[in-house]
1. Among the candidates SER157, SER167, SER145, SER127, which residue alone is in contact with an Asp or Glu (Cβ under 9 Å, 6 or more places away or on another chain) and among the polar types (S, T, N, Q)?
2. Only one of these is in a loop (DSSP other than H, G, I, E, B) and surrounded by fewer than 13 Cβ atoms within 10 Å (Cβ to Cβ): GLU182, GLU140. Name it.
3. Among the residues of the stretch 35-91 satisfying the criterion of being over 19 Å from the mean Cα position of the chain (by Cα) and aliphatic (A, V, I, L, M), which is surrounded by the fewest Cβ atoms within 10 Å (Cβ to Cβ)?
4. Residue by residue through the stretch 164-200, note down the ones that are out of contact with any Ser or Thr (no Cβ under 9 Å at 6 or more places or on another chain), closer than 22 Å to VAL135 by Cβ and of a type in the set (Gly, Ala, Ser).
5. Of the residues that make up the stretch 112-135, is at least one of a type in the set (D, E, K, R), within 21 Å of ALA44 (Cα to Cα) and surrounded by 19 or more Cβ atoms within 10 Å (Cβ to Cβ)?
6. Condition first: part of a loop (DSSP other than H, G, I, E, B), surrounded by fewer than 18 Cβ atoms within 10 Å (Cβ to Cβ) and under 18 Å from the mean Cα position of the chain (by Cα). Now tell me which residues in the stretch 154-172 satisfy that.
7. Considering every residue within the stretch 94-115, establish whether at least one is of a type in the set (Ser, Thr, Tyr), in contact (Cβ under 8 Å) with a residue 60 or more places away in the chain and not in a strand (DSSP E or B).
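Derivation of every value follows stated rules applied to the coordinates shown; laboratory data play no part. Note that the structure is a prediction, hence the values are computed from the model and not measured. Cβ sites come from the backbone with ideal geometry, for glycine too, and all protein chains shown count toward neighbours.
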Amino acid sequence: MCNSPLGGILLIIGNVLREHSTEITDKDYDEWLKQQRQAITDAAPQKVYLDVSQLIRQPLSLHGVIDPDTDAAKSYAKGVYKKTGKDNKARYSVNIFTLFFPAEHHIAILSCEVDALDQQKHIERASHYFYKDIVGLRTEEIRLSDHTEHIILQLQSFSLKVANGDSIDTGAVLNVTVLDLEDEQQTVKTAYIDTDVNGTISTLLMLLRQKKWDSPQ
């Protein structure tokens, strides 16, 4: 299971996001999500069947979200919700944490989903790939128009490409920016961003290049 035993808080948070209530504060939600992430991180090595002594560096992580305006949100029976906090940052009901564990010859990846609206739904995916089989890294940006709120959303996602044509995709959005069409200055605002994303992607690129260089042709 991905969620730590905080059922009551989880239920309240789900209702807050769904009904735009003010029962809990942004700080309460952020602390709850921090605890979820820590629980996932603590259990992750066992989930991917790795001992920390096998790692060649510290694990890397990404924190993505499911935005309710994307196609990915349609598969959630109880819906996907977001709420803008007093700090103008968006909080989402579905968060996906992806951890990368670099070993000597392969990388283990664990993706774990936390859904504040569905306490019974626990989805986690563990996989292992040899470095030589990972042929590329891709970031993708899409733009969505919300004519009701007169805004344009720009969403950034990330995936790794494998030699057989498969894509290692977290299914989550890592960066959400908002363009207010009624703003004369056309200011772009960041609604959500994984602050680790640039460092994680840069490190993965460096690691893949190094392993490709070290591998015999």
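1. Details: SER167 fails: in contact with an Asp or Glu (Cβ under 9 Å, 6 or more places away or on another chain); SER145 fails: in contact with an Asp or Glu (Cβ under 9 Å, 6 or more places away or on another chain); SER127 fails: in contact with an Asp or Glu (Cβ under 9 Å, 6 or more places away or on another chain).
Answer to the check: SER157.
2. GLU182
3. This residue is ALA77.
4. Scanning the stretch 164-200 gives a single hit, GLY165.
5. So in the stretch 112-135, the residues of a type in the set (D, E, K, R) come out as 113, 115, 118, 121, 124-125, 132-133.
Imposing the further condition that a residue be within 21 Å of ALA44 (Cα to Cα) reduces the set to 113, 115, 121, 124-125.
Checking the rest, the ones that are also surrounded by 19 or more Cβ atoms within 10 Å (Cβ to Cβ) come to 113, 115.
Within the stretch 112-135 (the criterion being of a type in the set (D, E, K, R), within 21 Å of ALA44 (Cα to Cα) and surrounded by 19 or more Cβ atoms within 10 Å (Cβ to Cβ)), the answer is yes, since at least one residue qualifies.
6. Step one: of the stretch 154-172, the residues part of a loop (DSSP other than H, G, I, E, B) are 163-166, 170-172.
If we keep only those that are surrounded by fewer than 18 Cβ atoms within 10 Å (Cβ to Cβ) too, we end up with 163-166.
Those that are part of a loop (DSSP other than H, G, I, E, B), surrounded by fewer than 18 Cβ atoms within 10 Å (Cβ to Cβ) and under 18 Å from the mean Cα position of the chain (by Cα): none in the stretch 154-172.
7. no
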